[in-house]
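Chemist: Input: one structure, supplied below.
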Amino acid sequence: MPQHSPSLAAVGITLDPAPGVAISRHLYERIRDAILSGQLRPGLRLPSSRALAAELGVSRTTTVTAYERLRDEGYLDGRVGAGTTVALLQIPHPAAAPVHEPPRVRQPRLSAQGAALAGVRWRMRHTMDGPGSGPPAFPVGRPAIDAFPAELWGKVVARRARRSAGSLLRYQHPAGYQPLREAIAAYVGMARAVRCAPEQVLVVGGAQAGLSLAARLLLDPGDDAWMEDPGYYGARGAIIAAGATPVPVPVDTDGLDIDAGKARAPHARIAYVTPSHQFPLGVTMSLPRRLALLDWARTAGSYVVEDDYDSEYRYVGDPLPSLQGLDGAGRVVYVGSFSKVLFPALRIGYLIVPDELVDAFTAGQRFAAAHVPALEQAALTDFIADGHFARHVRRMRALYAGRGAALVQAARQELDGLLSVTPAHAGMHVIGWLPQDRDDRAAARQAAAYDVDVQSLSAHAQEPAERPALLLGHAATPEPYIVPAVHRLAASLTASAQSARGRRAELGGDGGYGEDL
């Protein structure tokens, strides 16, 4: 039998809505919260909508609206002749537990893989600029957005939207827009000596999405995966997210040390490499090493993930052929991206997989990955077909060569004794070597205070680096800004050196350093 209808004010329900909140919504929330907290018990009869309106001094429409929503959501029962009552809900109330035995509450937690992934350090500072914020000097991996033909791109997108709006509104194939897959196959075949058919191309949401998909499909929890050391932390994160173990394999002047990899993890399921321009050291994997790597993959039943992240930019000689082009056993998964060539927000990359993996990767893309919007894929196809992409790459190759040379020259003039910058024959960054007794993480932190966004070599290493160094991106910094930025970097390195000497003097030896990038 329903209990007697109380005054809602008597149980502490009053109205004090925040500005802009409808009174009916506020009333609904107050009654709902009172039910969930136990103030209003199951079976309690509430005042009629008319009586409640009079009690609170609001219109009856307000109370009717609140009651109807509460009934729709199951908090109230209402029947003709029986009035409105609190529904018989099984709501746990802390007050119901014995005072001497508080209720036990299990806290939710991340999975083991989630906790491991959350611990992977990644670049966040300065890489996500807000509206109107100017990027600092020398960011690594960022293209020259200032030189991208944004107006032309906008026209290409608008034209494609007008011509194909209907067809692009439908669901697309999970492997990507077919004309773009054909354009990618033709491009990498010509520019990178990649051997593939369009059916082997999968369009993904950037290179990182491709690495994550490959790791999920090729690795089981507990598997070993060769990881260049130092190497790209995004690949390391993808391996960890798959539950596998990234095994650090040293890199020398010939690239990945295959013998060291065999000694450390002979049965690794995959090897992640950047053979054309190793990140971050910039070396090129020699032909004997490439052949040895492919032979290991063939005999071990493993795959090689080739990340060809900036191969378009080689300033001495022709671009080197891909590792995939040497693979005759179907062991290489090739990863490419347009984000570093055009602009980062595009988020379009691609995988080229062996024939026997096409179905598995397509299914993985269908069920476990975010798809790239069809309009952007179609517009990129037009951008390539109309010749704009090839022209942009040629322009950027010349531009980046000039910016890189200007940075090296300024560094030689201003950073003598502080940082020895090595000229790069390819890519979008150079390496500056610090004196042996310096801590590159501390130097990178200090540079950030001077609006210089360099990265420490140690941040990309799983094992201690043999020598401290800083990575300086040159693609995104216009030449007029390079010399002033180098001046700021010199000031930061001087300040960092003085601070390090002061800490060593206080500690009587080497001080401890933090883990910042």
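Chemist: How big is the chain along each principal axis, measuring the range of its Cα positions in Å and listing the largest first?
Modeler: 90, 66, 50
Chemist: Only helical DSSP H runs with n ≥ 4 go in: add -39500 (n - 2.57) per run for the chain, normalise by residue count and round the 222 nm mean residue ellipticity to 500 deg cm²/dmol. Display every interim value, and only then the final one.
Modeler: Numbers: 15 runs with 207 residues, N = 517.
About -13000 deg cm²/dmol.
Chemist: Would you calculate the volume per residue, in Å³, of the smallest convex hull containing every Cα atom of the range 253-394?
Modeler: Values: hull volume 20.0 nm³, N = 142.
About 141 Å³ per residue, rounded to a whole number.
Chemist: Here's a follow-up. For the range 217-368, build the charge dipole from Cβ charges (+1 Lys, Arg; -1 Asp, Glu) around the Cα centre, then report which of 328, 248, 342 sits farthest towards its positive end.
Modeler: The listed residue farthest towards the positive side: 342.
Chemist: Once you have the Cα-Cα distance between residue 159 and residue 368, take 0.36 nm times their residue separation minus that, and quote the gain in nm to one decimal.
Modeler: On the way: separation 209, 0.36 × 209 = 75.24 nm, distance 3.16 nm.
Computed gain between residue 159 and residue 368 is 72.1 nm.
Chemist: Exposed loop sites here are GluC sites (Glu not before Pro) in DSSP loop states with at most 13 other C-beta atoms within 10 Å. What is the longest stretch of the chain lacking them?
Modeler: Values: sites that count: 73, 466, 515.
Answer - 74-465.
Chemist: How much length, in nm to one decimal, is gained on full extension between residue 71 and residue 498, taken as 0.36 nm per residue of separation minus their Cα-Cα distance? Intermediate results must be reported in sequence, preceding the final value.
Modeler: Values: separation 427, 0.36 × 427 = 153.72 nm, distance 7.00 nm.
The span from residue 71 to residue 498 would gain 146.7 nm if fully extended.
Chemist: Between residue 391 and residue 300, what is the label-point separation in nm under the 7 Å Cα-to-beta-carbon projection?
Modeler: Between residue 300 and residue 391, the simple spin-label model gives 4.6 nm.
Chemist: With a 1.4 Å probe and every protein chain left in place, tell me how much accessible area residue 262 has, in Å² to the nearest 10.
Modeler: 80
Chemist: Using a ≥ b ≥ c from the Cα gyration tensor of the range 9-75 (square roots of the eigenvalues), is it rounded, prolate or oblate, where a/c under 1.5 gives rounded and otherwise the larger of a/b and b/c decides, a/b for prolate?
Modeler: Working: a/c = 1.35, a/b = 1.27, b/c = 1.06.
Verdict is rounded for the range 9-75.
Chemist: For 89, 168, give me the order by solvent-accessible area with a 1.4 Å probe, most accessible first, ignoring ligands, DNA and RNA.
Modeler: Details: 89 60, 168 25 Å².
Solvent-accessible surface, decreasing: 89, 168.
Chemist: Rounding to the nearest 20 debye, state how big the charge dipole of the range 162-205 is about its Cα centre with +1 on each Lys and Arg Cβ and -1 on each Asp and Glu Cβ.
Modeler: Details: 6 positive and 2 negative charges, 32 e Å.
Result for the range 162-205 is approximately 160 debye, rounded to the nearest 20.
Chemist: If one takes the longest principal axis of the Cα atoms in the chain, at what angle in degrees, from 0 to 90 and to the nearest 10, does the Cα axis of helix 287-300 lie?
Modeler: 50
Chemist: Pairs of Cα atoms under 8 Å, at least six residues apart: use those to get the relative contact order of the chain, whole percent. It would help to have the intermediate numbers written out before the result.
Modeler: Values: 869 pairs, mean separation 79.3, N = 517.
The value is 15 percent.
Chemist: Sticking with this one: Could you give the size of the charge dipole of the chain about its Cα centre, using +1 on the Cβ of each K and R and -1 on the Cβ of each D and E, expressed in debye and rounded to the nearest 20?
Modeler: 1540
Chemist: Right, here's the next one. At a 1.4 Å probe radius, carbon and sulfur cover how many percent of the accessible area of the chain? Kindly include the intermediate steps, with their values, before the conclusion.
Modeler: Values: 13350 of 24680 Å².
It is 54 percent, rounded to a whole number.
Chemist: Given R₀ = 51 Å, what would the calculated FRET efficiency be for residue 409 paired with residue 112, taking r from the Cβ atoms and rounding to 0.05? The partial results should precede the final answer.
Modeler: On the way: r = 50 Å, r/R0 = 0.97.
Calculated transfer efficiency: 0.55.
Chemist: Taking amide H positions as placed in the peptide plane 1.01 Å from N, state which residues far from residue 426 in sequence (5 or more) or on other chains have amide H under 5 Å from it.
Modeler: Result for residue 426 returns 315.
Chemist: Then there's this: Taking R0 as 41 Å, what's the FRET efficiency between residue 375 and residue 436 from their Cβ-Cβ distance, rounded to 0.05? Please report the intermediate quantities before stating the final value.
Modeler: Numbers: r = 52 Å, r/R0 = 1.28.
So, using R0 = 41 Å, E works out to roughly 0.20.
Chemist: Expressed in nm to one decimal, what extension gain is obtained for the pair residue 152 and residue 89 from 0.36 nm per residue of sequence separation less their Cα-Cα distance? Write out the running numbers ahead of the final one.
Modeler: Details: separation 63, 0.36 × 63 = 22.68 nm, distance 6.07 nm.
Full-extension gain reported as 16.6 nm.
Chemist: Here's something else I'd like to know. Only bridges with both residues in the chain count here: give the DSSP antiparallel percent, nearest 5. Intermediate results must be reported in sequence, preceding the final value.
Modeler: Values: 27 of 46 bridges.
Antiparallel: roughly 60 percent of the beta bridges in the chain.
Chemist: At 1.4 Å probe size, what's the solvent-accessible area of residue 110? Round to the nearest 10 Å².
Modeler: My reading of the accessible area for residue 110 is about 110 Å².
Chemist: Going by Cα centres, the range 259-285 and the range 376-404 are how many Å apart?
Modeler: 30
Chemist: Which one, 457, 472, 498, projects farthest toward the positive side of the charge dipole computed for the range 419-499 from Cβ point charges (K/R +1, D/E -1)?
Modeler: 498
Chemist: How far is it, in nm, from the label point at residue 41 to the one at residue 59 when both lie 7 Å from their Cα along the line to the Cβ?
Modeler: 3.6
Chemist: Now a separate question. For the range 285-404, with every protein chain kept in place, what is the accessible area per residue (1.4 Å probe, Å²)? Please report the intermediate quantities before stating the final value.
Modeler: Working: 4580 Å² over 120 residues.
The answer is 38 Å² per residue.
Chemist: Using only the alpha-carbon atoms, how far is helix 207-218 inclined from the longest principal axis of the chain? Give it as 0 to 90 degrees, nearest 10.
Modeler: 80
Chemist: Same structure, new question: For residue 190 paired with residue 51, estimate the spin-label separation in nm (one decimal), with each label point 7 Å from Cα along the Cα-to-Cβ line.
Modeler: 8.3
Chemist: About the Cα centre of the range 137-266, what is the dipole size in debye to 20, counting +1 per Lys and Arg Cβ and -1 per Asp and Glu Cβ, all else neutral?
Modeler: Values: 14 positive and 13 negative charges, 224 e Å.
Computed charge dipole of the range 137-266: roughly 1080 debye.
Chemist: A further question on this structure: Based on the Kirkwood radius over alpha-carbon pairs, what value in µm²/s does the Stokes-Einstein equation return for the translational diffusion coefficient of the range 167-305 at 37 °C and 0.692 mPa s?
Modeler: Numbers: Rh = 16.1 Å.
Diffusion coefficient, whole number: 203 µm²/s.
Chemist: Toward the positive end of the charge dipole of the range 17-67, about the Cα centre and with charges on Cβ (Lys, Arg +1; Asp, Glu -1), which of 22, 43, 64 goes farthest?
Modeler: Ranked along the dipole, the leading option is 43.
The values are calculated or read from the model by the stated rules, or taken from the named source; none is laboratory data. It should be emphasised that the depicted structure is a prediction, and the values quoted were computed from it without experimental measurement. Cβ: placed from backbone, ideal geometry, glycine included. Neighbour counts: every protein chain shown. Each accessible area value is taken on the protein alone, full model and side chains, heavy atoms only, with ligands, DNA and RNA left out. Shrake-Rupley method; radii C 1.70, N 1.55, O 1.52, S 1.80 Å.
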